[in-house]
Every structure is written in C-alpha cells, then in structure tokens.
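Below: the structure, in structure tokens.
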Amino acid sequence: MLLSAARSVSVMRKSVVSSGSQVLLRTAQRDASDKSQTTLPRLPVPQPAKTLKHFLEFANAIESPKEFEETKKVVAEFAGNELPKLQQLLEQRAKEHQNWLTPWWLNVAYLMARTPLPVVTSPGVMFPKFDFDGLDGQLEHAAKITQAAVNFYLLASSGNLPPDMAGNVPFDMSQYNYLFGTTRIPRKSADIIKYGCDYGHTLQHIVVMRHGHVFRVKVLDDQKQPLSVSDIRKQLEQVVSQSEKEQSDPVGIISSDNRDKWATSYEILKENDSNKKNLEKIESALFALCLDKPSEPLPGYTERDEQSRQSLHGGGSKSNSTNRWFDKTIQFVIGSNGYCGMTYEHTPAEGPPVATMMDFICDKFDQAAFTDSGSAGSLDVERLDFNLDENVKTQIKKSSKKMDYVAQDLDVVAYTFKVYGKNLPKTAKVSPDSFIQLAFQLAFYRIHSSFPPTYETATLRKFVDGRTENIRSPNLAAVSFVKKMTSTPPAPIQDTFEALQHAANAHKKYTVDCMNAAGMDRHLLAWKLLASENNLPTPLLYGTHAYQQLMHFQVSTSQVPTRHFIQMCFGPSAPDCYGVCYNPQEKELHFCISTFKSYGSTSSKKFAKELERALMDMRSVVNKATKERSKL
Ligand code: COA
C-alpha cells in the first residue's frame, strides 16, 4: 500500500543513509546466506525513455492542455541535461546491489518516516468472524491462533513453505522470514529494524497484552515444538488473573505516536536496566497477542467496521489502543466476541505473505488441526512491568490523546459487493483487477468531478529481494472511459464497452510493465535520491505541477487476495484522500474504505455507495454490449 513518507521525502541526506546501515548490512547478510533465492533475477534498471513516456502519459491524463505544454518542455530539458548522469549513477548502483531499490525503499518509505505507524503505515487485517462470545472462547481462540501461527513460523523459518508463484514464475520468499520476532525500533531521524531471523536460533516466546499490561509467554517447548493448546491457554489464564485492573500507565501507547517522540521516550526507558530487559523481551517475541476488552460499533456502523477499527488502531485509549505494541511486525488482536484480526507493521513485508499466514491459520480452524497432547510441565508467565519517570508518564497521556483524535477521525467502512466477483470481468475478457480500478475512477469522478492520481501496489517479488512498484491510474484511456460512462446524452453502448476494454487493457499493460520493473515511480524516486546523495541539484522536473500532482495520491489502493473471508484495511495517505484495500473473490468483491472525517468533502460510505453504482453500471454495459453483439 501507499506510504506518505515515500512521497514526502525530498532529500535523503548521507547521514541518514548511514544511520540506516543496519538495514543495508542485513540485506548484505541475506545475499550471502540465502542460496535458494540467488537464482532469482536481479532487479533490472528501467529504460529512461520509457519512464519519461509514462510520465508524460500520466501527466496528460490529469493536466490542462496549457499545463501539459509546460510539462513537456521541462521533461525535454531533463532528458537532455541531468538524466544521462543520473541514469549512469543508477546503473552503477545496480552493479553494486543485487536489488538497487530495496535498501533505499526500506529507508525512505519506512525507517525514515516520522509519521505514526497507525493508521497509514500499519494495516489492519480481519479474520472471518469466529464462533465465540466471552472470555472462555477468547482464550481458546487466542491459544489456537497462537499455535497455528507458531506452526507457520516453523515452516517459514525452515524454508518449507511452498513457493509463491505468478504462473510459472517463482517469487522471492524472504519476506516470510522477516515476519516473526521482528520489531521496528524507534530512533531519532531514522528507525532501525531487528529481524527475528537474525537471532540465529528458534525463538520461543510471545508477548501477551491485556488491559495495557505486558507478559512474556512461552509458546515453544525446549525441543522447539509448539506447546499444546492447553498449555498456551493455561498461561493465558495466568495473564488474565494478573491483569484484571487496567494498567494506569500503558507504555505501549507511545509506539502509536510520532517516531521521534517515541524514540525520546524509548531512550529514557532504556536507561533503566529492568526496562531495558523488558524491551529486549518484547523485541525478541515472535509476535504480540492482544487480549482485548469488549468494543461496540459506533452508531450507524457494523460489527465488521468496528473490527477494522480495532485491527487498525484499537479504537482509542478508552477502548484497546493502549493494549498494543505497534512496533511488533505481528500483533494478533483477539476480540471478546468472535471478531479477531491483526495489526501489522509494514516495514519488513507486504500484505500477501501476511495474508498467506492468515489463510493458513483459518485452514487450521477449518480442519480442527490443533495439537493438544503433551505438556511442557509447569509454565509461569512473566510480567513485564516498566519503571516510568514523569516524562514518560506525560508522554503516555499525550500519545493517548493523539490516538483518540485519530481513532475518532478515521472513518472506516468494510463493504462487500455481492452481485458478482472476478467472474463477470473474466467473461468479458477483461482483467478483474483493471476492471475494479476503473470502477474506482468512475466512483471518484461521480463524487468529485475530477480524476484522482491513484496508487496501486504491484509486486516486484519476481526479482531477488523485490518489494513494490506503483501501478498508477488514471491514464488517458481511463479518462475517456469515465467520460463515456458519465456523458449526457449517454454514449452508445458499444462505444462505452470498447472504451472499457481499451482502458482495462491499458491498465493491464502497465501492470505487466510494473511487475517487470519497467514502471515509472521507483525510477523517478531513484533519480531524485541519486541527485541528493551526489550533491547534484534536484532536477526541475520534480518541482513541476505535473510531478507534484501525480504524487498526491487521492486514492491509494492495494489488492490483497485471500482464500478465506479476510480483509485488510489502511488509512488514506493524506487528509483529502481515500484508502481502499480490496480482495476480489470469484463471486464477490470485498473492500475496506477509509477517509478522514475532519476533511469534510470525502466520505467512506459515499465512496462505497458510488463504487456499488459504478460496478452495477459497468455490469450493465458489459451485459448489454455482449447481448447486442450476440445478435449480430
Ligand atoms: N480475460 C479473462 N481472465 C483474465 C483476464 C482477461 N483479459 N485478465 C486476467 N484474467 C484472470 C487471470 O488469469 C486471473 O485468474 P485466476 O483468478 O484464475 O487467478 C484473474 O483474472 C485475476 O487477474 P487480474 O485481475 O488481472 O490480476 P492479478 O490477480 O494478476 O493481480 C496485481 C494483479 C497487480 C494485484 C498483482 O499482480 C500484484 O502485484 N499483487 C501484489 C499486490 C500487493 O503486493 N499488495 C499488498 C500491498 S501491502
């Protein structure tokens, strides 16, 4: 999904590059150690002419003719002046790194960003509703989810997961190794990341949070096998008995704040030896398990909407936001009424590996495949209490207040379109993903009468250490399609259908470019970073109206498909924007839409309504056009 930091970084100073050196070191270690992945191709360097062509095409779709004339001039000047040197520097970098993008991307998109992790950077993920209500079921499901996740960890860390593929093309699997035991550590200016796989041994514990208290809980025995469900559950019962009263100073809430603020408190905490040990135990935990207290949907919203709020931010400090440690890559969120999910810190991995793990856990429930035999003997949980000074206590209050504001401001709607799924576009010989992206353009245009620069994640995992590219919309074909759909009098049905097919094919063609590392966005980012790192002036291109506008993603989207009814959600990248995560299934389409209420002119519910209208109207075009053609 889209990260505001990646766009807002205008300068990457050398000092910052070196402060992120742990990441670079980590990548280098991995290069040397993981032989299975060395067969994957290195990330190629895109061709400059193609990138500039894409830039002009995307600018043309959103600029006035006068603005576009100006953009063309600046692009031509850039091509004749700065470009050759910058491209040469990039080619040099590509020789030195097996993936020229990923170390940069980790820094600029994640570690250097100072913005809070919830709700834009860290997505929420929702499980299908489980069948329980009350503490007993909560503990049972928490123990089972834990055991299933530990099994997944053992598969991932031993390299025994089946490889992800696109057709016959294998994907880079390294992200699976980074999910467990991993923590983003706050530091001034740029965070660092500690990967679980770097501990060099099987990790054996998790941290459990309840009412803001933190506990260390063992989940693997000394033979490195998952504990039985009963043994995990017994420990959770100990947690419950020691956490009935709400923690008055829940230190985890500071991890929801601006990263510099958290870094300051973190440094103070670490000065105390016992706190330092607690932090290390949290950081080396496989994941966090949050046993939440009951929460009710806001008036006018559904249980599923509330589940998305709980998984994104915990609903505010009076609800469950104080029962989180946002730096952990994985935090399972166990509601008290069957609604469970997770909050995931995005730095080490994209959504699909997380979604695979969620599907795996759901499979275990479907198959009732839990082990409940054997006992590891007596197990005692360990309370991790912190010694807090007044500075940290004050920061807890400030961070709680900030979280409360965001939790009430973020409007999240989980919406399922049930009339059709991928099946309809497929029968019309159109890519379902492109079809859905066109529906976003149409829905937005009908609300705002303009075309939104739109971000969609494409995976680069067919390359070693691959992360993402941006499949941008709209292009001219999408603009033409939306105009046909909204014209008065209505355009002839065959014209509209052809416009739909043309626009979808253009989107799909660009998708393929992006997945083959021939997209535009990361290449432009590379030139900009290289200019900065080499003390060259930032090219004028980056100050153009076109560039500025193209980088303001009014709609940021991400497709995260799963086999079970699992949804992901994330906040919009800026106050006037929409965040849309979607999961297209064969016969229905799941969306999670977010906006900020304080902006005023955007609305998640309105977008959901217009999206439904767009999808219905597009079906009508497909059906009528196909019927007419069949009569010919
Ligand atoms: N006619 C008929 N069927 C078609 C078609 C056409 N013209 N084009 C595509 N299809 C079919 C495909 O074969 C596929 O079939 P399947 O359901 O049997 O697998 C299906 O439609 C879906 O294809 P499509 O909708 O084109 O998209 P995709 O599944 O290839 O996904 C991306 C496209 C860009 C989302 C995907 O490649 C990607 O990069 N995903 C990663 C995103 C990510 O990282 N998200 C998380 C960010 S945190």
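The values are calculated or read from the model by the stated rules, or taken from the named source; none is laboratory data. Given the structure is predicted, the values throughout are model-derived calculations rather than measurements. Glycine gets a Cβ as well: all are built from the backbone with ideal geometry, and neighbour counts include every protein chain shown. Only protein heavy atoms, including side chains, enter the accessible area calculation; ligands, DNA and RNA are left aside. Shrake-Rupley method; radii C 1.70, N 1.55, O 1.52, S 1.80 Å.
Could you please let me know if Leu524 is under 24 Å from Gln441 (Cβ atoms) and more than 14 Å from the ligand (Cβ to nearest atom)?
Details: under 24 Å from Gln441 (Cβ atoms): yes; more than 14 Å from the ligand (Cβ to nearest atom): yes.
So Leu524 passes the test.
Residues Glu628, Glu533: which one is away from the ligand (no atom under 16 Å from the Cβ), at pLDDT below 95 and in contact with a helix residue (DSSP H, G or I) (Cβ under 8 Å, 6 or more places away or on another chain)? Spell out the reasoning first.
Numbers: Glu533 fails: at pLDDT below 95.
Just a single option satisfies the conditions, and that option is Glu628.
State which residue is nearest to the chain's Cα centre (by Cα) when the search covers only the stretch 520-545 and only residues that are outside any helix (DSSP H, G or I) and of a type in the set (A, V, I, L, M).
Here is the first cut: in the stretch 520-545, the residues outside any helix (DSSP H, G or I) are 520, 534-539, 544.
Subsequent filtering for residues that are of a type in the set (A, V, I, L, M) retains 520, 536.
Numbers: Met520: 20, Leu536: 33 Å.
Among those residues, the one meeting the criterion is Met520.
For the stretch 586-597, which positions are open to solvent by 30 Å² or more (accessible area, probe 1.4 Å) and within 12 Å of the ligand (Cβ to nearest atom)?
Glu586, Lys587
Go through the stretch 583-618 and report how many residues are farther than 15 Å from Leu438 by Cβ and assigned to a strand (DSSP E or B).
7
Only one of these conditions is not met by Ser311: (1) within 16 Å of the ligand (Cβ to nearest atom); (2) farther than 20 Å from Tyr178 by Cβ; (3) open to solvent by 10 Å² or more (accessible area, probe 1.4 Å). Which number is it?
All conditions are met except number (3).
Exactly one of (1) surrounded by fewer than 23 Cβ atoms within 10 Å (Cβ to Cβ); (2) touching a strand residue (DSSP E or B) at 6+ places or on another chain (Cβ under 9 Å) is unmet by Leu388. Its number?
If we test Leu388 against (1) surrounded by fewer than 23 Cβ atoms within 10 Å (Cβ to Cβ); (2) touching a strand residue (DSSP E or B) at 6+ places or on another chain (Cβ under 9 Å), just (2) comes out false.
What about Leu388, is it more than 10 Å from the ligand (Cβ to nearest atom) and assigned to a helix (DSSP H, G or I)?
Numbers: more than 10 Å from the ligand (Cβ to nearest atom): yes; assigned to a helix (DSSP H, G or I): no.
Spelling it out, it is not the case that Leu388 is more than 10 Å from the ligand (Cβ to nearest atom) and assigned to a helix (DSSP H, G or I).
In the stretch 178-195, which residues are buried (at least 23 other Cβ atoms within 10 Å of the Cβ) and of a type in the set (S, T, N, Q)?
Residues satisfying the conditions are Thr182, Thr183.
Within the stretch 415-445, which residues are more than 25 Å from Arg304 (Cβ to Cβ) and either away from the ligand (no atom under 11 Å from the Cβ) or in a loop (DSSP other than H, G, I, E, B) (or both)?
Result: Ala428, Lys429, Val430, Ser431, Leu438, Gln441, Tyr445.
Looking only at the stretch 211-232, which residues are open to solvent by 40 Å² or more (accessible area, probe 1.4 Å) and either part of a loop (DSSP other than H, G, I, E, B) or within 15 Å of Ala149 (Cα to Cα) (or both)?
The answer is Lys218, Asp222, Gln223, Lys224, Gln225.
Only one of Ala477, Ala503 is in a helix (DSSP H, G or I), in contact (Cβ under 8 Å) with a residue 24 or more places away in the chain and open to solvent by less than 10 Å² (accessible area, probe 1.4 Å). Can you tell me which? Working first, answer last.
Working: Ala477 fails: open to solvent by less than 10 Å² (accessible area, probe 1.4 Å).
Within the list Ala477, Ala503, the selection yields Ala503.
When you go through Ser573, Ser558 one by one, which is the residue that is within 14 Å of the ligand (Cβ to nearest atom), under 30 Å from Glu91 (Cα atoms), assigned by TED's automatic domain parsing to the domain that holds Leu442 and not in a helix (DSSP H, G or I)?
Numbers: Ser573 fails: under 30 Å from Glu91 (Cα atoms).
Just one listed residue meets the conditions, Ser558.
With Asp164, Asp198, Asp136 as the choices, which residue is closer than 19 Å to Val217 by Cβ and open to solvent by 10 Å² or more (accessible area, probe 1.4 Å)? Please lay out each step first, then the result.
Values: Asp164 fails: closer than 19 Å to Val217 by Cβ; Asp198 fails: closer than 19 Å to Val217 by Cβ.
Of Asp164, Asp198, Asp136, the one residue that is closer than 19 Å to Val217 by Cβ and open to solvent by 10 Å² or more (accessible area, probe 1.4 Å) is Asp136.
What are the pairs, 6+ residues apart or on separate chains, where a residue within the stretch 373-394 that is within 19 Å of Glu237 (Cβ to Cβ) has its Cβ under 6 Å from a residue that is among the small types (Gly, Ala, Ser)?
Pairs found: Gly374/Ser228.
Working only within the stretch 324-369, note down all residues that are away from the ligand (no atom under 14 Å from the Cβ) and part of a loop (DSSP other than H, G, I, E, B).
Arg324, Trp325, Phe326, Asp327, Gly335, Ser336, Asn337, Gly338, Tyr339, Gln367, Ala368, Ala369
Scan the stretch 546-554 and tell me whether some residue there is in contact with a Cys (Cβ under 6 Å, 6 or more places away or on another chain), open to solvent by 10 Å² or more (accessible area, probe 1.4 Å) and not in a helix (DSSP H, G or I).
For the stretch 546-554, residues in contact with a Cys (Cβ under 6 Å, 6 or more places away or on another chain), open to solvent by 10 Å² or more (accessible area, probe 1.4 Å) and not in a helix (DSSP H, G or I): present.
Looking at the stretch 446-474, which of its residues are away from the ligand (no atom under 12 Å from the Cβ) and either of a type in the set (A, V, I, L, M) or in a helix (DSSP H, G or I) (or both)?
Arg446, Ile447, His448, Val464
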